[in-house]
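Worksheet for the structure shown next.
The values are calculated or read from the model by the stated rules, or taken from the named source; none is laboratory data. Only a predicted model underlies this, so the values are computations on that prediction, with no experimental measurement involved. Cβ placement follows ideal geometry from the backbone for every residue including glycine, while neighbour counts extend to all protein chains displayed.
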Amino acid sequence: MNVQNAKYAIGGNRYMTDGYFNGMNLVHVRQYSFDLETNKEYPTVKGIALRPNRFWKLFQLRDKVNKCINESRETGVQQHLGGGIMVSVTWGTCA
């Protein structure tokens, strides 16, 4: 069962949602699309779903990630979030 509790716009047709899926609480950061035929917005596959503790770890790394992006242009920065999940900063084409 998939239950969505809250949806927060974060810009660029992207939203942060929290929900419950397969017995787990998850935080999603996902891009949405709009279907003109049904007049409804729906989530796409572009995004991530993290357990709350891993999302919190990623949130705590926001200043480090922003510094890499905005100031030093350092590439190859990686940080372990737990459970085999890594966050990294690399340069390339953004979609």
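Worth a mention:
- Taking the criterion of being more than 11 Å from the chain's Cα centre (by Cα) and among the aliphatic types (A, V, I, L, M), the residues of segment 3-25 that qualify are VAL3, ALA6, ALA9, MET24.
- Flag if MET86 is modelled with pLDDT under 80, assigned to a strand (DSSP E or B) and either within 15 Å of the chain's Cα centre (by Cα) or among the hydroxyl-bearing types (Ser, Thr, Tyr) (or both): yes
- Residue in segment 34-56 that is part of a loop (DSSP other than H, G, I, E, B) and either closer than 17 Å to ILE85 by Cα or touching a Cys at 6+ places or on another chain (Cβ under 8 Å) (or both) present: yes
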